[in-house]
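Derivation of every value follows stated rules applied to the coordinates shown; laboratory data play no part. These figures come from a predicted structure and were not determined experimentally. Virtual Cβ from ideal backbone geometry, glycine too; neighbours counted across all protein chains shown.
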Amino acid sequence: MPGDARAHNRALVLSSLFHAGPLSRAELARATGLTRVTVSDLVAELTSEDLVQDTGGRTETRVGKPGALIDINSDGHMIAALDLSDTSTVRGALMTLRGKVVTRREATTNGATGAAVAEIAIDVARGLIAESREAKLLGVGIASPGVLTPAGDVVYAKDYGWTDFPLAALAGAELTQHTYAANDANVRALAEFTFAGASAEGLMEVSLTDGLGAGILLDGLLLLGPSNAAGEIGHIPAMVGGDPCTCGRRGCLETVLNKRVLEAAAARGEDPALGREEALERVGTAAAAVLAPIVSAFNLSDLVFADPRGLVTDDFVAAIRAGLEERLLPQTMDNLDVRVSELGADAGLLGAGALVLAERLGLT
Ligand SMILES: [Zn+2]
């Protein structure tokens, strides 16, 4: 079997087990469209690499012969994941293939920029790798702010002063591990699909971190665009006039919907006299002005808010939904689920883990 086809078939088997496992060999053959012989051959290979395992469970087959149930060997490898989206702290975790966090490490950046931040991140990764001890390491994943190429070079990340910075290559060379880096909002969208069971057919995950960015999954693929900046929606004008933005203009979505606004809204919750309803309506109207055309253009089914600080409340989501309802056809709204991600503060770390699974194992 040519190498490319074999890699493709391995990815098919692993993806089926990851999303629908445990499965018998017969069920795997049906799910992947591969022959029973090919499936058995691949299962043997993946078992020898500690990527899948016989669970010990059995399924009844129609001919009455019990079939062994195969599943992902979640603890057979570890992933070292880094989240750089909070510019004050590098967060790291060692996790299983199914995203169960085994241990955590973090380091403050103390305002460091340039190569110094990368060194802090590499140190955190080094500590995690040391703690993985005898477990095999599948790779290192980095969720970074900014625009990144598929090779993990940072085109620019304003907060860290990175321009054309080879983040993945540098970390990979120092750590001597397979290392991948991608935009943090993009990998949060991947995590929603890989670890939270979301559909990848039409999903936008809006990340409410220090800035605002989004990751878009369309027809099973992460949308990057010709200059890798798809989902950079923070500086689309959301209202006429409005507050000044870091980009020099006024009223960008990021000025209406960000950590500060959410913290202020949360504080207003304790004192209704401060106009919580008006504040929510303002956010809902402005957010919908930017998000509705995107939902409509891509026929999205899932609009998810990644909220690492737990600041997004139900009435906030309701306000955005109401804003969208004013702008979208009822048929589009009927097909749209607006919600807050259940991945919480770990969405960035899980995204970095999902990135490694996608790059190393072809998991989709
Ligand atoms: Zn702006």
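In the chain, with Lys and Arg counted as +1 and Asp and Glu as -1 at Cβ, which of these residues, Ala358, Leu253, Ala279, has the Cα nearest the positive end of the dipole, that is, farthest along it?
The one lying farthest along the dipole's positive direction is Ala358.
Provide Met333, Met78 in ascending order of the number of other Cβ atoms located within 10 Å of each residue's Cβ, fewest first.
Ordered from fewest to most neighbouring Cβ atoms within 10 Å, Met333, Met78 come out as Met333, Met78.
Just rank Leu221, Leu349, Leu361, fewest to most, by other beta-carbon atoms within 10 angstrom.
Ordered from fewest to most neighbouring Cβ atoms within 10 Å, Leu221, Leu349, Leu361 come out as Leu221, Leu361, Leu349.
Taking 37 °C and 0.692 mPa s as the conditions, I'd like the Stokes-Einstein D for the chain in µm²/s, using the Kirkwood hydrodynamic radius from alpha carbon pairs.
Details: Rh = 21.7 Å.
It diffuses with D of about 151 µm²/s by this estimate.
Return the distance in nm (one decimal) between the two label points of a simple spin-label model at Arg360 and Ala5, each offset 7 Å from Cα along Cα→Cβ.
2.8 nm
Work out which helices of the chain, taken as complete DSSP H runs, extend at least 30 Å along their axis over the Cα atoms and score a mean Kyte-Doolittle of 0.0 or more, then list them.
Qualifying helices, which must be both long enough and hydrophobic enough, are 276-298.
Lys and Arg at +1, Asp and Glu at -1: add these up for the other residues within a Cβ distance under 15 Å of Leu42 and post the number.
-3
Output the direction-averaged projected area (hull surface divided by four) of the convex hull of the alpha-carbon atoms of the stretch 81-147, in nm².
Averaged projected area of the stretch 81-147's Cα convex hull equals 4.6 nm².
Rounded to the nearest 500, what is the chain's calculated 222 nm mean residue ellipticity when only DSSP H runs of at least 4 contribute -39500 (n - 2.57) each, over all residues?
Counting only the DSSP helices, I get -13000 deg cm²/dmol.
In angstroms, what radius of gyration and Dmax does the stretch 3-72 have, counting Cα atoms only?
Rg then Dmax for the stretch 3-72, in Å: 11.3, 36.
What does the charge count near Gly348 come to, summing +1 for each Lys or Arg and -1 for each Asp or Glu among other residues with Cβ under 9 Å from its Cβ?
Combined, the nearby Lys, Arg, Asp and Glu give -2.
For the pair Ala68 and Arg98, what calculated FRET efficiency results from E = 1/(1 + (r/R0)^6), where r is the Cβ-Cβ distance and R0 = 25 Å, to the nearest 0.05?
0.80
What residues have an amide H closer than 5 Å to that of Leu137, excluding those fewer than 5 places away on the same chain, when H is modeled at 1.01 Å from N in the peptide plane?
Met78
May I ask you to derive the FRET efficiency for Ala107 and Ile236 from their Cβ-Cβ distance with R0 = 30 Å, giving the value to the nearest 0.05?
According to the calculation, E is roughly 0.35.
Enumerate the amide H contacts of Ser341 below 5 Å, restricted to partners 5 or more residues apart or on another chain; note that Pro and chain-start residues carry no placed amide H.
Long-range HN contacts for Ser341: Phe305, Ala306, Asp307.
Rounded to two decimals, what is the ratio between the C-alpha radius of gyration of the stretch 197-344 and 2.2 N^0.38 Å?
1.01
On full extension of the chain, what length is gained from Ala267 through Glu325, given 0.36 nm per residue of separation minus the C-alpha to C-alpha distance?
18.2 nm
Sorted from largest down, give the three principal axis spans of the alpha carbons of the stretch 276-336, whole angstrom values.
29, 24, 17
Taking other Cβ within 10 Å of each residue's Cβ, how do Leu170, Leu300 sort, fewest first?
Details: Leu170 19, Leu300 23.
Exposure proxy ranking, most exposed first: Leu170, Leu300.
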